[in-house]
Each structure stands twice: as structure tokens, then as C-alpha cells.
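Structure record follows, encoded as C-alpha cells.
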Amino acid sequence: MNKFYITTPIYYASGKPHIGHAFAVVYADVISRWKRTQGDKVLFSTGLDEHGSKIEEKAKKENKEPQKFVDEISQSYLQAWKALNISNDEFIRTTSEKHRSGVLEFVKKIHESGDVYEGYYEGLYCVGCEDFVLERNLVNGLCPDHLLPPQKIKEKNFFFNLEKIESGEIKITPESRRNEALAIIKSDLPDFSVTRENTKWGIPFPYDANQTIYVWADALINYITVLDYPDGEKFKTFWPADLHVIGAEINKFHTIFWPAMLLAAGLPLPKEIFIHGLFTVNGQKMSKTVGNIIDPMDLADKFGADATRYLLLSQFPASEHGDVKAEEFANKYNSDLANGVGNLLERTFTMLADFRNGKVDKNSPVDVKIKNAAEEAEKNYAKHMENYRLFEALADVFSFIKALDVYINEEKPWSLNKNNDPKLDEVLAALLFGAEKIISWLEPFLPQKTEEAKSYLEKLKRGEIKKGERLGLFRRA
Ligand code: ME8
């Protein structure tokens with residue numbers, strides 16, 4: 001049995017989740033569920049990044065102790081992931097004792113390796129990015145991503161020597177993001193500091209009482225502390241990670257700093273990092289100031305868990321950045337889910353029930369046209385799933401749904417039934433075959449709805465569906 005360890009970024013516990021956070025966690029969830037159906041032993045981890053100046057400042061603004069503040073935020077994440085049916089095995093919080101002790105072990109390891117050295121750093125620091133920014137990248141003196149003025153910081157830090165980085169060992173996908181990482185390595189990459197002098201809200205650095213561990217070093221180490229590094233069974237079984245799913249804006253931290261830290265600690269590198277694009281809403285970055293943040297809980301209330309998962313993944317290929325429009329969600333829901341997959345399954349099952357009481361003649365061959373279309377779709381779907389191209393895999397399923405719709409309209413099973421045409425058995429056999437394929441392909445994406453469809457179908461095959469008892473998977477929005 002293969003093991004498969006998959007992670008999402010751990011999100012800043014600075015506010016409740018928006019659809020960007022939901023996108024990454026749903027992405028990883030679909031991959032996890034798919035790997036489980038392939039028989040892999042999966043460990044799927046997500047969690048929260050709870051230290052650092054950004055969170056310290058937010059808590060202060062709300063007049064709360066940072067710990068109380070992050071405890072509250074963690075509840076909103078847990079609720080949202082439950083509402084989206086996320087099947088994570090672990091939920092790591094960086095304020096947990098387990099994480100703290102693992103980080104200290106790790107820091108001790110790299111300290112002993114001699115890759116951490118003392119120095120001064122002076123630069124412009126953006127609290128929004130929790131990173132240094134370059135003067136030339138500012139727009140009107142502000143960080144272009146957070147619209148905040150950076151602070152000038154000069155502090156004694158323990159730097160991490162990046163010379164160790166050996167690229168190429170880790171698979172970085174898609175190719176465009178790999179090129180971005182390579183370009184960063186080739187540019188003048190400053191050393192990476194593992195500590196901060198003026199941040200209180202963090203894990204104290206054991207070798208200097210004035211320092212705390214830099215929030216990014218702290219956060220990255222979650223990928224092993226969650227496995228009970230250094231000597232937990234889970235660590236032995238699951239490390240190295242098979243896949244880190246992350247967004248494009250944190251490429252550098254995962255493809256350069258994290259491997260450098262692991263090399264210094266003498267640990268194996270993650271096998272693959274899949275970097276997805278980010279979405280804007282109505283052409284703008286999601287932000288409280290613009291007022292265009294979409295709450296995944298609102299979508300789940302309106303459309304349900306499965307439909308929300310689908311709506312997030314079907315906007316544009318994850319290899320690209322893209323834009324979403326909140327007012328388009330209902331149209332997409334109606335066209336793809338209510339009128340697309342929902343309608344196809346409903347029509348198929350209803351005809352099976354009405355014309356044959358759920359019994360299909362086992363000797364009926366499946367129309368070769370449908371058989372070929374299914375084989376083609378299945379081949380493409382498998383290839384796309386293996387490469388974590390979920391948008392593309394969904395498109396394969398939906399092209400087969402279209403093929404079945406066309407088949408129904410051409411064959412007109414209701415006329416065959418009226419005329420007692422024996423071809424009806426062949427057509428129904430093809431439709432049942434197609435419906436079962438679609439249900440199995442959609443399982444990782446729509447876990448609840450496919451479950452409902454499967455139990456309805458079981459009942460139907462036993463001849464237990466009563467007249468007028470409809471499947472009703474996706475009612476029109
Ligand atoms: O960066 N579109 O946390 P974070 C799509 N704590 N995905 C988006 C998105 C958008 N507009 N906005 C966010 C951090 N995401 C650090 C990570 S990991 C060791 C530490 C998703 O709360 C995307 O996956 O800012 C992105 O990488 C992640 O949320 C960042 O969440």
C-alpha cells in the first residue's frame with residue numbers, strides 16, 4: 001500500500017476564511033479522497049498559522065489576548081471546513097504544545113548544523129506579507145499587495161544560510177511556477193532569517209532571549225510537527241510529504257526556504273509542490289476595504305457543500321490566476337449541476353424506474369459509441385487526476401455528460417418504450433453504464449451527492465423506488 005501525505009498551507013489565524021482559503025483546502029481534499037479510492041494510505045493535514053506580528057496587531061486592535069483571538073478564529077475555520085465536508089486527518093495549530101516542542105527540536109538541529117549565523121539586517125518590512133519588501137517593488141511607497149506602508153527595520157537576527165539549496169530534487173508544478181522559483185533563486189536572494197527581534201508573539205528562540213522564531217520558519221515546520229517530529233510513528237511513516245498544495249504568492253517560502261531548512265536539518269525533501277493560481281473577485285484582490293470578500297459559508301448555505309466545492313474548482317484551471325464573479329455562481333450551478341449532472345442522472349434513473357422497474361437486461365450490449373466516449377473520458381480523467389489537474393478532470397466528466405445527453409435526445413427512449421422497441425434495453429444499459437461512470441468519477445468532488453445517487457440507484461436496482469420518488473440531487477437555484 002502506498003502512503004500519501006498531502007498538506008495545504010496553514011492559514012493565518014487573522015480573520016475567518018474566504019473562498020481563496022477554501023479553494024486550497026477543497027483542492028487538497030479532492031486529491032486526498034481520490035488517492036483513498038486508489039487504495040493509498042492517506043494523511044491529509046491542514047491547520048492554522050497563529051504567531052507573528054500581524055496576528056499580534058490584530059488581536060491588540062480587538063483588545064484581546066492573542067491566544068484568545070486565535071482560539072476564536074480557529075473555530076471559524078473548523079466550522080467552515082466541516083460545512084465543506086473536508087476530510088482532513090489532522091488540524092495543526094502553531095500555538096499547540098506539540099508544535100512548539102517540535103519546532104524547538106528542529107531549530108536545535110539546524111543550529112547544530114552551523115547553518116544559522118548571527119548578523120544584522122536592515123530593510124523594509126511589510127507586516128501584511130510578514131516579509132521584507134524591496135523599495136523598487138513599492139507603489140507610491142506602499143506594499144502593492146497589502147496597501148500598507150512598510151516599516152524600516154534594523155535588527156540583530158540569526159540568519160539562515162541559503163547556499164545549501166540544491167534545486168531540481170523537488171518536483172514543482174506547474175512548469176510556469178517552477179520557472180518562477182528558479183528565477184528567484186537566480187536573483188539576489190537575501191539570506192533567510194529564522195528569528196525576529198521585535199516580535200513577542202512567537203516561540204522564544206532558545207539561543208537568545210531577545211529573539212523569537214520567525215513566523216515563516218515557525219509555520220513551515222508545521223508540516224513535520226503535525227507528524228510528531230522527531231520520533232513519532234506518523235513522522236516515520238509519512239515524511240517526506242508527497243504533495244504540498246500552496247498558492248502562488250508563497251512559492252518562495254516553499255520551494256526555496258523550506259527545502260533549505262530541511263537540508264540543514266538533514267531531513268528528506270518533499271516530493272512535489274503543486275502551486276495554484278489565485279483568484280480575484282470582480283477584477284480586484286479580495287479585501288475588507290474593497291468589500292468583495294466571499295465567505296465560503298455563505299456559498300455553502302446557499303448551494304450546499306458539494307455544489308460549493310464544485311463552484312470553487314470549476315472556475316478556471318488551477319495553473320492560472322483567474323477572476324470570479326459572485327453573481328455568476330447561480331448560473332454556473334444551474335447549468336452544470338442542476339441541468340447538467342443532476343438532470344442527466346434524474347432522467348436516466350426515472351426512465352429505468354418507469355420503463356423497466358430498475359431492471360436492465362444483463363445481456364444487453366452497451367452501445368459502442370457510448371463505450372468509446374467513456375473510455376476516452378476515463379483515460380483523460382485519470383491522466384488529469386494523476387497530475388492534480390482538477391479543473392481539467394471535471395471538464396472530462398462534463399464532456400461525457402454532454403455525450404450522454406446527446407445520446408438520449410437521439411435515441412428517444414420514451415418513443416422506444418411507447419413502440420415496445422427491443423432497442424430500449426440496449427439504450428437503458430448504455431445510460432446506466434454511463435451514469436455509474438459519472439458517479440464514480442465525481443465521488444472525490446461531490447462526496448455527499450454521489451453517495452445519495454448511489455443509494456438511490458441501489459434501491460432502484462432492487463425495484464424499491466416508488467412511483468414519483470425522485471432523486472432530486474441539485475434543485476435549481
Ligand atoms: O500565507 N485565491 O496564509 P494565508 C486562491 N500562513 N487562493 C488563495 C487566495 C486567493 N485569492 N488567497 C489565499 C499564509 N489563498 C501563511 C502560509 S504555510 C506554511 C503558511 C490560499 O492565510 C492559497 O492557497 O495568507 C494561499 O497560498 C493560502 O490561501 C495563504 O493563506
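The values are calculated or read from the model by the stated rules, or taken from the named source; none is laboratory data. On a predicted model such as this, the values are computed, not experimentally measured, just so you know. Note that we place each Cβ from the backbone using ideal geometry, even for glycine, and neighbour counts take in every protein chain shown. Remember, those area values only see protein heavy atoms, side chains included, never the ligands or the DNA or RNA. Shrake-Rupley method; radii C 1.70, N 1.55, O 1.52, S 1.80 Å.
Looking at Asn372, Asn380, Asn420 in this structure, which one is free of Cβ contacts under 8 Å to residues at least 40 places away in the same chain and either touching a strand residue (DSSP E or B) at 6+ places or on another chain (Cβ under 6 Å) or closer than 23 Å to Trp34 by Cα (or both)?
Going through Asn372, Asn380, Asn420 in turn, just one is free of Cβ contacts under 8 Å to residues at least 40 places away in the same chain and either touching a strand residue (DSSP E or B) at 6+ places or on another chain (Cβ under 6 Å) or closer than 23 Å to Trp34 by Cα (or both): Asn380.
What pairs can you find where one residue is in the stretch 12-33 and closer than 16 Å to Val324 by Cβ, the other is near the ligand (Cβ under 8 Å from one of its atoms) and of a type outside the set (Val, Ile, Thr), and their Cβ atoms are less than 6 Å apart, with a gap of 6+ or different chains?
His18/Met286; His21/Tyr11
Inspect the stretch 395-406 for any residue being more than 23 Å from Leu471 (Cα to Cα) and surrounded by 14 or more Cβ atoms within 10 Å (Cβ to Cβ) and give the result as yes or no.
yes
Name every residue in the stretch 75-98 that is touching a residue at least 40 places away in the same chain (Cβ under 8 Å), touching a Phe, Trp or Tyr at 6+ places or on another chain (Cβ under 9 Å) and within 22 Å of Arg309 (Cβ to Cβ), in order of residue number.
Tyr77, Trp81, Ile86, Ser87, Asn88, Asp89, Glu90, Phe91
If we scan the stretch 214-222, do we find a residue that is more than 22 Å from Phe132 (Cβ to Cβ) and hydrophobic (A, V, I, L, M, F, W, C)?
No; the residues of the stretch 214-222 include none that is more than 22 Å from Phe132 (Cβ to Cβ) and hydrophobic (A, V, I, L, M, F, W, C).
Restricted to the stretch 1-33, and to residues that are more than 10 Å from the ligand (Cβ to nearest atom) and over 13 Å from the mean Cα position of the chain (by Cα), which residue is nearest to Ala83 (Cα to Cα)?
Among residues in the stretch 1-33 that are more than 10 Å from the ligand (Cβ to nearest atom) and over 13 Å from the mean Cα position of the chain (by Cα), the one nearest to Ala83 (Cα to Cα) is Lys16.
Looking at the stretch 341-353, can you tell me whether even one residue there is more than 24 Å from His146 (Cβ to Cβ), among the polar types (S, T, N, Q) and touching a helix residue (DSSP H, G or I) at 6+ places or on another chain (Cβ under 7 Å)?
yes
Does Ile73 meet the test of being touching a His at 6+ places or on another chain (Cβ under 7 Å) and within 14 Å of the ligand (Cβ to nearest atom)?
No: the conditions fail for Ile73.
With the requirement that a residue be free of Cβ contacts under 8 Å to residues at least 40 places away in the same chain and assigned to a loop (DSSP other than H, G, I, E, B), what does the stretch 316-362 give you?
Across the stretch 316-362, the qualifying residue is only Lys362.
Taking Ile294 as the residue in question, decide whether it is in contact (Cβ under 8 Å) with a residue 24 or more places away in the chain and under 30 Å from Leu442 (Cα atoms).
Judged against the criteria, Ile294 is a match.
Scan the stretch 126-160 for residues that are within 16 Å of the ligand (Cβ to nearest atom) and of a type outside the set (A, V, I, L, M, F, W, C) and jot them down.
Listed by number, the residues that qualify are Gly128, Glu130, Asp131, Pro144, Asp145, His146.
Considering only residues of the stretch 254-284 that are of a type in the set (Phe, Trp, Tyr) and touching a Pro at 6+ places or on another chain (Cβ under 9 Å), which is nearest to the ligand (Cβ to nearest atom)?
Restricting to residues being of a type in the set (Phe, Trp, Tyr) and touching a Pro at 6+ places or on another chain (Cβ under 9 Å), the top hit is Trp258.
How many of the residues making up the stretch 100-115 are out of contact with any Gly (no Cβ under 8 Å at 6 or more places or on another chain), open to solvent by 70 Å² or more (accessible area, probe 1.4 Å) and either under 15 Å from Phe192 (Cβ atoms) or in contact (Cβ under 8 Å) with a residue 12 or more places away in the chain (or both)?
Within the stretch 100-115, residues that are out of contact with any Gly (no Cβ under 8 Å at 6 or more places or on another chain), open to solvent by 70 Å² or more (accessible area, probe 1.4 Å) and either under 15 Å from Phe192 (Cβ atoms) or in contact (Cβ under 8 Å) with a residue 12 or more places away in the chain (or both) number 3.
Of all residues in the stretch 383-394, which are in contact (Cβ under 8 Å) with a residue 40 or more places away in the chain and open to solvent by 20 Å² or more (accessible area, probe 1.4 Å)?
Hits for the stretch 383-394 are Asn387, Arg389, Phe391, Glu392.
Taking the stretch 124-143, which residues are free of Cβ contacts under 8 Å to residues at least 40 places away in the same chain and either of a type in the set (Ser, Thr, Tyr) or open to solvent by less than 70 Å² (accessible area, probe 1.4 Å) (or both)?
Leu124, Tyr125, Cys126, Cys129, Val133, Leu138, Gly141, Leu142, Cys143
Taking the stretch 60-73 as the search range and keeping residues that are under 22 Å from Asp131 (Cα atoms) and touching a residue at least 40 places away in the same chain (Cβ under 8 Å), which one is surrounded by the most Cβ atoms within 10 Å (Cβ to Cβ)?
Of everything passing the filter in the stretch 60-73, Val70 is surrounded by the most Cβ atoms within 10 Å (Cβ to Cβ).
Residues being within 16 Å of the ligand (Cβ to nearest atom), assigned to a helix (DSSP H, G or I) and hydroxyl-bearing (Ser, Thr, Tyr): count how many of those fall in the stretch 210-253.
2
Yes or no: Lys82 among the basic types (Lys, Arg) and either touching a strand residue (DSSP E or B) at 6+ places or on another chain (Cβ under 9 Å) or within 24 Å of Phe235 (Cα to Cα) (or both)?
When the stated conditions are applied, Lys82 does not pass them.
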